[in-house]
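This report concerns only the one structure given below.
The values are calculated or read from the model by the stated rules, or taken from the named source; none is laboratory data. Fair warning: this is a prediction, and the values are worked out from it, not measured in the lab. Cβ atoms come from the backbone with ideal geometry, glycine included; neighbour counts cover every protein chain shown.
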Amino acid sequence: MSGSAVERDYAARSYGAQDVGFGERPGIVVIDYQMAFTDPKYPLGGAPLVMRGVENTSRLLKVARQCGFPVAVCNTAYKSTRDMPYWKVGMVRTDFIRGDPSTELDPRIYDPNYDVAVCKSGPSIFFQTSVVPFFIKERVDTVIITGCITSGCVRASTIDAFQWGFRAIVPEDCVGDHEEGPHRDNLRDVGRRYADISSADAVIAYFEEARRKNR
């Protein structure tokens, strides 16, 4: 089956039939843009799609902060290997210990004077963290999902945003993976079911419109 035939088959089964759409007040999550993924010296670091995602997320966040919208950023780190899940990723097991330089947030996406920062222990930024209560307090109805890795923690966070009742929006050029295939495949899948796949420019335009409405 060709790609177009596959898409027609999914459409005929009603996948992707309804857009999520933007709501009235956005909140932004930034997932795992820590040095392990953004510094090429690390085994997990420097993938071109991830680096593109960092740059686009940085400019998206600049506008979000100017508009006064809430931002939650996270890294992944543990006290020791004892409190880790059974990760199959070698570098996570050896290096993702609190205090290790690989766990530090990339300064291009983190403003400690504005952002709420959490340390997560699972794939989703929402799992056993304070992000949902923070967004509820801030009256968020739309979650903009940025970060890495698309096929892992971004996907998990997108599904959790959906499950918590938020409108889930993923700007494609603000998330990244190690390879193009998993990046596209996972965005296509969540786009059929749980989220709208958008772009940094479209989300920035939404921020400007939402700021005017919130005033």
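So the values come out like this:
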item	result
All positions within the range 8-29 that are within 23 Å of the chain's Cα centre (by Cα) and surrounded by 11 or more Cβ atoms within 10 Å (Cβ to Cβ)	TYR15, GLY16, VAL20, PHE22, GLY23, GLU24, ARG25, PRO26, GLY27, ILE28, VAL29
Qualifying residue in the range 31-39 (condition: closer than 30 Å to LYS213 by Cβ, among the polar types (S, T, N, Q), touching a Gly at 6+ places or on another chain (Cβ under 9 Å) and modelled with pLDDT of 95 or more)	no
Selected residue (criterion: surrounded by the fewest Cβ atoms within 10 Å (Cβ to Cβ)) from residues of the range 33-51 that are in contact with a helix residue (DSSP H, G or I) (Cβ under 6 Å, 6 or more places away or on another chain) and within 23 Å of ASP201 (Cβ to Cβ)	LEU49
Count of residues meeting criterion [at positive phi and under 18 Å from the mean Cα position of the chain (by Cα)] in the range 37-86	1
Sole exception among (1) part of a helix (DSSP H, G or I); (2) closer than 30 Å to LYS213 by Cβ for ARG93, by number	(2)
Some residue of the range 30-37 being part of a loop (DSSP other than H, G, I, E, B) and closer than 21 Å to LEU105 by Cβ	yes
Within the range 75-90, tally of residues that are closer than 24 Å to PHE135 by Cβ and either in a loop (DSSP other than H, G, I, E, B) or small (Gly, Ala, Ser) (or both)	1
